[in-house]
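Report on one structure; see the data block that follows.
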Amino acid sequence: SGRWAKATAILKDFEEKCRTPVDKLRQVTDAMTVEMHAGLASEGGSKLKMIISYVDNLPTGDESGLFYALDLGGTNFRVLRVLLGGKEGRVVNQEFEEVSIPPHLMVGSSHALFDYIAEALAKFVSTESEGLHPSPGRQRELGFTFSFPVRQTSIDAGSLIKWTKGFSIEDAVGQDVVGELTKAMERVGLHMRVTALVNDTIGTLAGGRYFNENVIAAVILGTGTNAAYVEKAHAIPKWHGDPPKSGDMVINMEWGNFRSSHLPLTEFDQELDLDSLNPGEQIFEKIISGMYLGEIVRRVLYKMADEAALFGDTIPAKLRIPFVLRTPDMSGMHHDTTPDLKVVAKKLRDILEISNTSLKTRKLIVELCDVVATRGARLSAAGILGILKKLGRDSVPDSGEKQRSVIALDGGLFEHYTKFSNCMENTLKELLGPEIADSVVIEHSNDGSGIGAALLAASHSQYL
Ligand code: ADP
Ligand code: MG
């Protein structure tokens, strides 16, 4: 019928605009490396902030003692307690707890958010069991993973540049987040010192390096997306401090804010951006990360309902609600292997209150999920290639001796959206070519970020 033709036309048009052939991906990669250079050259020189993390030494394995970590960066935060036993003992013991953040605190005041966090942390500290106490006379020390853009001023201080991922707390912007946390800890009577402020990419890099010395970069694909890597200090013109002994400096790219005319953006992306809390910002993140993929699918479905009456004469009311279709639900539909697409039918019924869809319609929806996930996955691969290229690790060196490059990956999207992660890894191989592909390894760093923050807290302890 005409309706069906119209719906498929919308999908085909969308698919066409989302295409990421290899030559386009290479343009994205090249634009990424150009922006990396610009961001390293001068402060504000690029959309890529290329933030100097003040981490110039990654964990060696010698770290020992009891350390805490706090990981804040999405809808949940985690508190961790890690007992490190040096080279031999490694991670002797680790305990953690996950706490969800009530939505009103994500858009409230700095005071309220940090009080909530400090209280949860104090509660967790009170559950320390036998053998898991700090050494007598020592203050507890914490690595704070705070995964929003921060202007770092030292390893243990930095001011919030802006919120992302649905957070919007005006009075925290510009504040030193370690100061905010420390004040809140004092208010709840918790005596703990933040010795390292990092974000999840830096934590994941540190955690990854602790277990594998070939880890050179970390990428997060979760609610948002970001990457960090180990740069040579002399390749950072904007660094005016003393040259670090190691010669290295870890850079937090904040690649979620990358944008380029080569990115395949559609009307749906433009509208999503305009309606977001941070219009014009985090464009790369908005076409790749877990917070947005399901919402892009919803927007296309809405157009199909509106212009092609895909679900009947009226637009299903639920389909009008922004973010009602979450990426895990999209992923569930995309991975549906039942012959009659039962999972798709159930998601449509439960989430959008749409029943009686035809198999043909359900297939169309799976294809739509595939278009959105494939674009995000292939662009992530292009970004990773950008890092490898910047480091000269994207091809066989003149010496002919291949270096092994391991990228530590973490985040719920990477971990749970199998079609997404498979596509990303295959695309990276495709881009690298067979000669170099086997020396580049993607390694899932399961919660490396928490351990990494504890490790950095240890290597920056006041008692060293
Ligand atoms: P954060 O990025 O907030 O620190 P995570 O790394 O745990 O947290 O990632 C959570 C995100 O991962 C969710 O917002 C969601 O978008 C995505 N995600 C979680 N589970 C799935 C799933 N089964 N399929 C696809 N995406 C998922
Ligand atoms: Mg996280």
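The values are calculated or read from the model by the stated rules, or taken from the named source; none is laboratory data. Computed from a predicted structure; not experimentally measured. We place every Cβ from the backbone using ideal geometry, glycine too, and count neighbours over all the protein chains shown.
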Among the residues of the stretch 337-346, is any of a type in the set (A, V, I, L, M), surrounded by fewer than 21 Cβ atoms within 10 Å (Cβ to Cβ) and under 18 Å from Asp269 (Cα atoms)? no
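Tell me which strands (runs of 3 or more DSSP E) are completely within the stretch 96-167 and hold 1 or more residues being touching a helix residue (DSSP H, G or I) at 6+ places or on another chain (Cβ under 7 Å) and within 16 Å of ligand 2 (Cβ to nearest atom), or say none if there are none. Talk me through it step by step, then tell me what you get.
Values: elements: 140-146, 150-154, 157-160.
Once the strands (runs of 3 or more DSSP E) in the stretch 96-167 are filtered for at least 1 residues that are touching a helix residue (DSSP H, G or I) at 6+ places or on another chain (Cβ under 7 Å) and within 16 Å of ligand 2 (Cβ to nearest atom), what remains is 140-146, 150-154.
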Looking only at the stretch 168-180, filter to residues that are among the small types (Gly, Ala, Ser) and in a helix (DSSP H, G or I); which one of those is nearest to Glu119 (Cα to Cα)? Gly179
If you go through the stretch 183-199, how many residues are touching a Ser or Thr at 6+ places or on another chain (Cβ under 7 Å), within 16 Å of ligand 2 (Cβ to nearest atom) and either at positive phi or modelled with pLDDT of 95 or more (or both)? 1
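Within the stretch 40-51, can one find any residue that is touching a strand residue (DSSP E or B) at 6+ places or on another chain (Cβ under 6 Å), in a loop (DSSP other than H, G, I, E, B) and either surrounded by fewer than 22 Cβ atoms within 10 Å (Cβ to Cβ) or not aliphatic (A, V, I, L, M) (or both)?
For the stretch 40-51, residues touching a strand residue (DSSP E or B) at 6+ places or on another chain (Cβ under 6 Å), in a loop (DSSP other than H, G, I, E, B) and either surrounded by fewer than 22 Cβ atoms within 10 Å (Cβ to Cβ) or not aliphatic (A, V, I, L, M) (or both): absent.
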Exactly one condition in (1) within 30 Å of Ala206 (Cβ to Cβ); (2) in a helix (DSSP H, G or I); (3) out of contact with any strand residue (DSSP E or B) (no Cβ under 7 Å at 6 or more places or on another chain) is false for Asp306; which is it? (1)
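Considering Leu58, Leu105, Leu113, which residue is more than 16 Å from ligand 1 (Cβ to nearest atom) and among the hydrophobic types (A, V, I, L, M, F, W, C)? Steps first, please.
On the way: Leu105 fails: more than 16 Å from ligand 1 (Cβ to nearest atom); Leu113 fails: more than 16 Å from ligand 1 (Cβ to nearest atom).
Exactly one of Leu58, Leu105, Leu113 is more than 16 Å from ligand 1 (Cβ to nearest atom) and among the hydrophobic types (A, V, I, L, M, F, W, C), namely Leu58.
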Does at least one position in the stretch 429-438 carry a residue that is closer than 25 Å to Asp71 by Cα and more than 13 Å from ligand 1 (Cβ to nearest atom)? no
Does the stretch 233-245 contain at least one residue that is β-branched (Val, Ile, Thr) and within 16 Å of ligand 1 (Cβ to nearest atom)? no
Just one listed residue, out of Thr204, Thr182, Thr195, is β-branched (Val, Ile, Thr) and free of Cβ contacts under 8 Å to residues at least 24 places away in the same chain, and it is Thr182
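Listed residues Gly207, Gly247; which is out of contact with any Cys (no Cβ under 7 Å at 6 or more places or on another chain) and either closer than 16 Å to Ala457 by Cα or of a type in the set (S, T, N, Q) (or both)? Steps first, answer last, please.
Working: Gly247 fails: either closer than 16 Å to Ala457 by Cα or of a type in the set (S, T, N, Q) (or both).
From the options Gly207, Gly247, the qualifying one is Gly207.
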Within the stretch 8-16, identify whether any single residue is modelled with pLDDT under 95 and either assigned to a loop (DSSP other than H, G, I, E, B) or farther than 30 Å from Glu130 by Cα (or both), and answer yes or no. no
Condition (residue is within 15 Å of ligand 2 (Cβ to nearest atom) and under 22 Å from the mean Cα position of the chain (by Cα)) applied to the stretch 169-179: is it met by at least one residue? no
Against the definition (closer than 16 Å to Glu353 by Cα and buried (at least 23 other Cβ atoms within 10 Å of the Cβ)), how does Leu301 come out, yes or no? yes
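Among the residues of the stretch 428-443, are any within 30 Å of Glu141 (Cα to Cα), outside any helix (DSSP H, G or I) and of a type in the set (S, T, N, Q)? Reasoning before the result, please.
Initial filter on the stretch 428-443 (within 30 Å of Glu141 (Cα to Cα)): 443.
Retained after the next criterion (residues that are outside any helix (DSSP H, G or I)): 443.
Within this subset, residues satisfying the condition of being of a type in the set (S, T, N, Q) are none.
No: the stretch 428-443 contains no residue that is within 30 Å of Glu141 (Cα to Cα), outside any helix (DSSP H, G or I) and of a type in the set (S, T, N, Q).
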Just one listed residue, out of Val82, Val55, Val34, is within 19 Å of Gln282 (Cα to Cα) and away from ligand 2 (no atom under 16 Å from the Cβ), and it is Val34
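Take the residues of the stretch 388-423 that are in a loop (DSSP other than H, G, I, E, B) and polar (S, T, N, Q): which is farthest from ligand 2 (Cβ to nearest atom)?
Narrowing the stretch 388-423 to residues in a loop (DSSP other than H, G, I, E, B): 391-404, 411, 417.
Narrowing further to those that are polar (S, T, N, Q): 395, 399, 403.
On the way: Ser395: 32, Ser399: 38, Gln403: 29 Å.
Restricting to residues being in a loop (DSSP other than H, G, I, E, B) and polar (S, T, N, Q), the top hit is Ser399.
Scan the stretch 30-67 residue by residue and report those that are among the hydrophobic types (A, V, I, L, M, F, W, C), in contact (Cβ under 8 Å) with a residue 12 or more places away in the chain and farther than 13 Å from Ala457 by Cα. I'd like the intermediate steps shown before the answer.
As a first pass, look at the stretch 30-67 and keep what is among the hydrophobic types (A, V, I, L, M, F, W, C): 31-32, 34, 36, 38, 40-41, 48, 50-52, 55, 58, 66-67.
Restricting the remaining residues to those that are in contact (Cβ under 8 Å) with a residue 12 or more places away in the chain gives 31-32, 36, 40-41, 48, 50-52, 55, 58, 66-67.
Across the stretch 30-67, the qualifying residues are Ala31, Met32, Met36, Leu40, Ala41, Leu48, Met50, Ile51, Ile52.
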Could you check the stretch 338-387 and list, in sequence order, the residues that are assigned to a helix (DSSP H, G or I) and among the polar types (S, T, N, Q)? Thr361, Thr374, Ser380
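Here is a list: Val22, Val92. Which entry is touching a strand residue (DSSP E or B) at 6+ places or on another chain (Cβ under 9 Å) and more than 16 Å from ligand 2 (Cβ to nearest atom)? First the steps, then the outcome.
Details: Val22 fails: touching a strand residue (DSSP E or B) at 6+ places or on another chain (Cβ under 9 Å).
After applying the criteria, what remains is Val92.
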Tyr292 vs. criteria at pLDDT 95 or above and within 16 Å of ligand 1 (Cβ to nearest atom): yes
Does Leu221 satisfy the criteria of being more than 15 Å from Met32 (Cβ to Cβ), under 20 Å from the mean Cα position of the chain (by Cα) and within 16 Å of ligand 2 (Cβ to nearest atom)? yes
